[in-house]
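The values are calculated or read from the model by the stated rules, or taken from the named source; none is laboratory data. Since this is a predicted model, take the numbers as computed values, not measurements. Every residue, glycine among them, receives a Cβ derived from its backbone with ideal geometry; neighbour counts consider all protein chains shown. Heads up: the accessible areas ignore ligands, DNA and RNA and are worked out on the full protein's heavy atoms, side chains in. Shrake-Rupley method; radii C 1.70, N 1.55, O 1.52, S 1.80 Å.
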Amino acid sequence: MNTVESLYQPYKRTDISGNVIISTTDNGNGTANVCRNLLAEDKFQKGFTYTFPQNEAPNTMTATVEEIPIVSHHTYNYRVNIAQLAPSQTNLSSGTGFAILDCTRGVLCNDEPFIGGVLLSSETLLSMNVTIEELSSIQVKDPELFDKLLSQYYYKLRKDTESGAKVETIFYKP
């Protein structure tokens, strides 16, 4: 796209996985599908003086003509202004000389192996007599783990991934 309006758009957008875990699902094969918030890194055309007001609130970010402006880790829509262009030179819908970039919110999901976990067990519900067992990566990935548990017990199983994501399951084995 070779229009004045295209100068307000990044020429490259890279999706980056954030730190907020949105969901974690046990795949049943020794891994978990971990979905995190989506962040983005936008690179803009060199050769203009860009201003990104309210980008890293409350600070305004500015890039000079010699710099390649990079806006990263945003999770919200943000404004873009180019000093060399007057509002009358653009066909921007805002009519202010500012373009508003849509930062589509989404998630990035990856499979992560389990590295350990904890198994809590009790013969009666809400009992203070609880057995705590640390699980190794081999134990937590064992497909026969449920079969090896004692019947007539309540369990809370927590599985941990390398990145710190957790999958917790509470169940009763009849």
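Computed quantities for the displayed model
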read-out	value
13 Å beta-carbon shell around residue 153, net charge (K/R +1, D/E -1)	+1
Potential lengthening between residue 26 and residue 129 on full extension [0.36 nm per residue; Cα-Cα distance subtracted]	34.3 nm
13, 79, 36, ranked by accessible area, largest first (probe 1.4 Å)	13, 79, 36
Contour excess over end-to-end distance, with Cα ends at residue 142 and residue 66 and 0.36 nm allotted per residue	21.7 nm
Ranked order, 42, 147 - accessible area, probe 1.4 Å, largest first	147, 42
Length released on extending from residue 13 to residue 109, taking residue separation times 0.36 nm less the Cα-Cα span	32.8 nm
Label-point gap, in nm, between residue 122 and residue 5 - each point 7 angstrom along Cα→Cβ	6.1 nm
Cα-based reach from residue 159 at 20 Å (exclusive), listing lysines while leaving out same-chain residues under 8 positions away	141, 148, 173
